Every structure is written in C-alpha cells, then in structure tokens.
Amino acid sequence: MHRAKPASPAADDLGVGIAPPSFSPGDSIFLADVGGRLVGATDLDAAATLIVELAVPVLADCAVLVLPDARGRLDWWRWSLRGRCTRGRIRRPAVESAPALTAALDGLKQAGLLSHNEIAGLPRAFAEPLTRYSEVAALSLPPAPGSAPPGILLLGRRQETYADVESGLMAEFADRVSRTVQATGQFERNRAATVALQSTLHPPTLPVLPGIRLSAVYRPSAGPVDVGGDFYDLFVQPDGSTLFTLGDVCGNGPEAAALSGRVRHALAALRLVESDPARLLHLLNQALLGVSGSKFATAVLGCITRRSGGALHVRLSSGGHPSPLVLRHDGTVEVVAIPGMLVGIMPQAQFGENVLELAPHDTLVLYTDGITEARAGAAGDELFGSERLRETLANCQGLPADQVTTHLDQTVQAWSGGSARDDIAVLAIQSAPTQ
C-alpha cells in the first residue's frame, strides 16, 4: 500500500478474516442498500460500475474493482469522489513487482496494503490516481468453494489507517461483491454459450444464384431462445443444381430447435451422397429413427435445375408437410399436391413426388403451418387458413420474391395481432431470368 508513513503491523492485515463486529445502524443500512441494489444483477459491466460507486465514500475515497479475465488479463473499474467511473484493462503484473496485489488475486492473503513501490510499478493509467491516497487496501473477494477468488477490491483513503470496525464492514461488503461478480459472470458465460449454440441453429444466409430470386422469413415463437422448430436450408450442388428444404419438427422452443438442427445437419451430410429429393427423404427418415424419440418432422425437399429461356425445373418430395403453392406471373395461385408420411416415425414411410416448371417471374412458396394456423377473431380461435393464404399470395402478382415474403409475413402478423403462437418459416423461390 502507498502511504505517507510506515504502517503498523496491525494495519497490514486490516483485521479482515476476524469475525466482524456488530454493525452500527448506519452500517447496517449501507449493507442493506448494497444488497438491494446488487440483487438480480445480470450485466457484469453494469454491476462492476455500481460496486465501485457504492464503495465511495462509505468505505473509501477511491474504489477499484479488479477482475481477471479468461486470458490472464485484468479488467478494472474505478470510482472516486469526483463521481465518475473509468475502466480499462492491464496485463497481470509479475509477483516480484506487485506482491500484495498478486497475493490478493490468488487468495493467498485476504487483505493487505500496497506499498509505494508496488503502486509505482503498475501501469500508469491504472495506478497514477492511487498515488494520491495515504493507504490503499487490497481485499481478495471470497471465492466459491474449490474456486479461485473472482477478483479483488482496492480501496484508497486519505486517512492513515483502517479501523477494525471499518475492516469488518469492508469484509462484509467484499463478500456481497463476490457473490454478485460470480453470479453475473456465470450468467454472462451461460448467455454467451446460448448465443453460440443458437448461431449454429439459425437458418443460413440465402445464397445469390443466377436466374433465381430467393427470400425467406424466419420467426420463432416467443420463448427462452431465439430459435424454434421450423427450418429451411439450401445447398448448391457440384452439377449446378440447387437442393432446398423447408420443414417443421413437432413442438417448439429449445427441444424443437435441437431436433431441427439435427435434421439440417443430417441433410447437409446426406446431400453429399444423394441429390434426389425423394431418396433424400428416405435417408433422412432412417437417420432420425431411434434418435428423435417420439418426435417427428415434416419437410419438403426440392431440387432446382435451370432451363433455357429463364425457366426453372423443380423436383419436389414431401414428408407430411403442407402443400407448396405456386404464384404464377398472371396472378394465378396453384396448389402443388404432394402426398407423404411424417419423417422419423416409421421405417417404411412413403414420400410422394411432384415435378413442376417455373416460367419467368413465377414464384414457388413453401411455408410451415405457423402461417395457416395463426389465430385471431373475437375468441382467438379463427385460423388464418389455406384459403386466406392463397388470396394473400394472389395479391402479390408481379412482386419480387422479397416483397412476396414480406407481404405474407406482415399480413399474418396483422391477422394475429403480432402474437403468433407457433414458429413461422417461409421460403420463396422465383424464376428471374438474367439479361
């Protein structure tokens, strides 16, 4: 610790670790305020800023929270009587140059005082403000059982010593800080893991293909994760054709999202050895048997081949999925009937096939039942339905693919009042001859 004159041995251990004395009414009010303001914190940066703010001026004239990160660096937040927070990051100093600070970081000493030489040897942006104080105490935050301390608190004061009563209050404050830091850190790690996992389950960015306009809508139902059981995917094949799929697994939320991810990953592997949509569905059915439990999927698989004159030849196969629709360039809407059984239920499931031609500016629309089963009405039980879907598409005559999906999505959201109860996915494939 930096101080104006040598500290006594009693000052070096600050009394921390000794059973704290009973607190005055003012100290009890302070601790209650600390607990009330830190409870439920989920953002580490916001919590750290609040922690150093709370410490001033009750515990110190300057407070610094120092937390090691996963790469061995030290993140710090500082608050002083000037009333603002500054923060930064430094490399962890060597033990020889900062013995008290590193001892506190490693939990070798619960509390100690930083010497003038130790403070002077730390990075200037971090340490220079600490040289203004007579004493700077380093408190190791109490760790969880079997863990390293989550960080340390540096408390700088202009008066020369910390009294035993104040040391007890410091220890109690450090305990509450430690619990907050550990809880928010765990929350952020869990959130980061969830985001990383979700990113593998999100539908892909649509490729740019010559002669084909693609557009999609993906809207998972409200839930704890931003993915659902609906899915779509596209794969450009070595021969220039394009495989595509859109489907739905039973249920919603994380469990359905996990199964839809399994379906997509299985198709990504299977399409390397098979390109025929019907045979692909048979292989997918075999792959899902026994691994999806009582869960099942519906899906439409297709393969697009470009023809001369800008037309698209499309082969389709379906496993129990709602029939695709074709919006012709003259405004006619056709139903593409494809019989087929659910995927992942029966070893001998049968999957129907169909073939169609998309003339220039025709649009093939695939969708999940979240569209047709969107509910509204006075009792909230009237379905959007297939007929209303066809009418909506007919009103999209002459629109490019992205405007078709946008109009359909907006119409369904307006119908249901924005409170869709199920996942929604739409994929539009439009013939767009190149010039």
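Just to check, using Stokes-Einstein with a Kirkwood Rh over alpha carbon pairs, what's the diffusion coefficient of the chain at 4 °C and 1.567 mPa s in µm²/s?
Numbers: Rh = 26.2 Å.
Answer, rounded: 49 µm²/s.
At most 13 other Cβ atoms within 10 Å plus a DSSP loop assignment makes a site exposed; report the longest stretch of the chain without any exposed GluC sites (Glu not before Pro).
Working: sites that count: Glu96, Glu160.
That gives 161-435 as the longest site-free run.
Please state the charge dipole magnitude for the stretch 25-180, taken about the Cα centre, from unit charges on C-beta atoms (+1 on K and R, -1 on D and E), reported in debye and rounded to the nearest 20.
Values: 17 positive and 18 negative charges, 121 e Å.
So the dipole magnitude of the stretch 25-180 works out to roughly 580 debye.
Taking each pair of different alpha-carbon atoms in the stretch 227-354 once, compute 1/r for the pair, average those values, and report the inverse of that mean as the Kirkwood hydrodynamic radius in Å to one decimal.
Values: mean 1/r = 0.0666 Å⁻¹.
The Cα-based Kirkwood calculation yields 15.0 Å.
Please go through the stretch 66-96 and write out the trypsin sites (Lys or Arg not before Pro) that DSSP classes as loop and that have at most 14 other C-beta atoms within 10 Å. Walk me through the numbers on the way to the answer.
Numbers: sites: Arg71, Arg73, Arg78, Arg82, Arg84, Arg87, Arg89, Arg91; in loops: Arg71, Arg82, Arg84.
Hits after loop and neighbour filter: Arg71, Arg82, Arg84.
Once neighbouring chains are kept in place and the probe is 1.4 Å, which whole percent of the accessible area of the stretch 295-431 is contributed by carbon and sulfur?
On the way: 2780 of 5680 Å².
Answer for the stretch 295-431 is 49 percent, counting heavy atoms of protein chains only.
I'd like to check one number: the per residue accessible area of the chain, probe 1.4 Å, reported in Å² as a whole number.
Accessible area per residue: 46 Å².
From the Cα trace of the stretch 32-80, what convex hull volume per residue do you get, rounded to a whole Å³? Provide the component values of the computation, followed by the final result.
Details: hull volume 3.5 nm³, N = 49.
It comes to 72 Å³ per residue, whole-number rounded.
In the stretch 58-182, what percent of the accessible surface is made up of carbon and sulfur (1.4 Å probe, ligands and nucleic acids excluded)?
Details: 2790 of 5640 Å².
Carbon plus sulfur share of accessible area: 50 percent.
Determine ³J(HN,Hα), in whole Hz, for all residues of the stretch 134-142 in sequence, where each value follows from phi through the Karplus function 6.51 cos²θ - 1.76 cosθ + 1.60 and θ = phi - 60°; x replaces Gly and Pro.
Once θ is set to phi - 60°, the couplings for the stretch 134-142 become 5, 9, 10, 8, 10, 10, 6, 6, x Hz.
Just add up the charged neighbours of Pro207: K/R +1, D/E -1, any other residue whose Cβ is under 13 Å from the Cβ of Pro207. Walk me through the intermediate numbers first.
Details: positive: Arg213; negative: Asp233.
Local charge sum for Pro207: 0.
Working from Cα positions, state the angle (0 to 90°, nearest 10) between the long axis of helix 277-288 and the longest principal axis of the chain.
Rounded to the nearest ten degrees, it is 40.
With axes computed from alpha carbons, what is the tilt in degrees of helix 44-55 against the longest principal axis of the chain, rounded to the nearest 10 within 0 to 90?
Between helix and principal axis, roughly 20 degrees.
Treat every Asp and Glu Cβ in the chain as -1 and every Lys and Arg Cβ as +1, leave all other atoms uncharged, and give the resulting dipole magnitude about the Cα centre to the nearest 20 debye.
On the way: 36 positive and 44 negative charges, 219 e Å.
Dipole magnitude for the chain comes out near 1060 debye.
What residue among Thr406, Pro360, Thr332 has its Cα farthest toward the positive end of the dipole of the stretch 302-435, where the charges are +1 on Lys, Arg and -1 on Asp, Glu, each on the Cβ?
Pro360
If the only charges are +1 at each Lys and Arg Cβ and -1 at each Asp and Glu Cβ, what is the size of the charge dipole of the stretch 243-351 around the Cα centre, to the nearest 20 debye?
Its charge dipole is roughly 240 debye.
Long-range amide H contacts for Gly211: which residues qualify at under 5 Å (H placed 1.01 Å from N, peptide plane, sequence gap of 5 or more or a different chain)?
Long-range HN contacts for Gly211: Thr434.
Just want the answer: with Cβ charges of +1 for Lys and Arg and -1 for Asp and Glu, which residue in Leu243, Leu74, Leu259 is farthest toward the dipole's positive end in the chain?
Of the candidates, Leu74 comes out farthest on the positive side.
Calculate how steeply helix 401-416 sits against the longest principal axis of the alpha-carbon atoms of the chain, using the helix alpha-carbon long axis, and give the answer as 0 to 90 degrees to the nearest 10.
With rounding to tens, the tilt is 70 degrees.
The values are calculated or read from the model by the stated rules, or taken from the named source; none is laboratory data. No experiment lies behind these values; they were computed from the predicted model shown. In this analysis, Cβ positions are derived from the backbone assuming ideal geometry, glycine residues included, and neighbour counts consider all displayed protein chains. With ligands, DNA and RNA removed, areas are computed over all heavy atoms of the protein, side chains included. Shrake-Rupley method; radii C 1.70, N 1.55, O 1.52, S 1.80 Å.
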